[in-house]
1. So if I restrict to the alpha-carbon atoms in the chain, what is the Rg, and what is Dmax, the biggest pairwise distance, in Å?
2. Taking 7 Å along the Cα-to-C-beta vector as the label spot, tell me the Lys354-Ala62 distance in nanometres, rounded to one decimal.
3. If you build a Gaussian network model of the chain, linking Cα atoms that sit under 10 Å apart, which residue out of Gly267, Gly230, Gly53 swings the most?
4. At 1.4 Å probe size, with every protein chain present, just tell me what the per residue accessible area of the stretch 276-350 comes to in Å².
5. Given the rule -39500 (n - 2.57) for each run of at least 4 DSSP H residues, summed and divided by the residues of the chain, what is its mean residue ellipticity at 222 nm, to the nearest 500 deg cm²/dmol?
6. Taking N as the number of residues in the stretch 172-234, what value does Rg over Cα atoms divided by 2.2 N^0.38 Å take?
7. Could you work out what % of the accessible surface of the chain is carbon and sulfur, using a 1.4 angstrom probe and leaving DNA, RNA and ligands out of the count?
8. Given the convex hull over the Cα atoms of the stretch 25-84, what projected area results after averaging over all orientations, in nm²?
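The values are calculated or read from the model by the stated rules, or taken from the named source; none is laboratory data. Quantities reported herein were computed from a predicted structural model and do not represent experimental measurements. Every residue, glycine as well, gets a Cβ built from its backbone with ideal geometry; the counts of neighbours run over all protein chains shown. Heavy atoms of the whole protein, side chains included, go into the accessibility calculation; ligands, DNA and RNA do not. Shrake-Rupley method; radii C 1.70, N 1.55, O 1.52, S 1.80 Å.
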Amino acid sequence: MKLLVVGGGGREHAIIRKLKENPTVTEIHALPGNGGIAQDAVCAPIAATDIPGVVAYAREHAIDFAVVAPDDPLCLGMVDALAEAGIPAFGPDKKAAIIEGSKVFSKDLMKKYGIPTADYRVFDDPAKALAYVEEEAPVPLVVKADGLALGKGVLICATREDARQAIHEIMEDKVFGQSGSRVVIEEFLTGPEVSVLSFTDGETVVPMVSSMDHKRALDGDKGLNTGGMGTVAPNPYYTPQVARECMETIFLPTIRAMKAEGRPFRGCLYFGLMLTPKGPRVIEYNCRFGDPETQVVLPLLKSDLLTIMEATVKGTLAQTPVEWSDGSACCVILASGGYPQSYPKGLPISGLEKGQIPGCDATVYHAGTKVREDGALVTSGGRVLGVTATAPTLREAVDKAYAASDRITFEGVHRRSDIGARALAALG
């Protein structure tokens, strides 16, 4: 089979390396891919959001099956366009991808179908939003841009002044563009956060191994929010009892709600959860694999990924075995100095051969790398590499991931030193 993966980050690299394990796969193409993905797939400089370009490429190269990984092309209707061209694709169609594309839609869906989430109000008028935070809203609170904002459209506000500033930035200064034309203002929840990715064919939902992301740039969960500085799996707060409750009150009700709305969801549905004192609550839905959660979840998958993905498209997930390793995984992100603000690009990376660490059983997933004309691998993004190790215990996985990441260097390299520390403390 000839496969196509749309996207060019660490998540896509993890998907590609897992798909390569299927013996029927003869070629994998990545659009646009990156410097490390080029070791595992044929890369072409076509943007992930270029729907006509991607469809034309898929036709020209006789692609048998496609995987659309990022949120933007999913919300733009990439899966619909590929299906029209006769190419089956893993991922939700445009109507279903709105569950991430509009926070207002997802909050209203949860309210309508009784799915537990934070209380909220929606505003499209900045003056009314400001009046609400001045006069009624309890603080702290959370202000969210309605549309896609590269994962950065959520502002946690400790004071009313913070909330005023957030509303000005999102609705008036348009720091997230038209995504901020409407905002959701919601109550601030407390408790451990859990990420649960799930396979679904619109009827059956199969949760993957839970994970814990580390969003803040600095140790101790300090500093600015990032796209994620590292992950561990499984998440120790997500006990079998919590998993059962989430299946009954959140996962199945969400799949049924989307079907009832005429928007059946097929692909990977990401549940961002908060385990509050009153029980699990949905913080957010994503219509795709999370990044960097994918880099710890997929290495623990024992079953064949392509077979599962095909089952979500065909509607046969209930008959498809999905098995997981009993072990643990840890991913440590190596980021550019200055990330998530301004940072240099084009810095040479040392310690890798053909994109991996020689003689090491940890895996390096490339997120922001490219190959220079002289053949040198250099940085090209904020999150540069994700170093993932698996082991029988979380302690071993964390130690292996850090030992492996020590062998990679580039100027100004930044990483957190406490990925997994909170999970290890919870395990005792």
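1. 20.8, 62
2. Each label point is offset 7 Å from its Cα along the Cβ direction, giving 2.7 nm.
3. Gly53
4. Ligands and nucleic acids excluded, the figure is 38 Å² per residue.
5. That calculation yields -7500 deg cm²/dmol at 222 nm.
6. 1.51
7. 50 percent
8. Dividing the Cα hull surface by four gives the mean projection, 4.0 nm².
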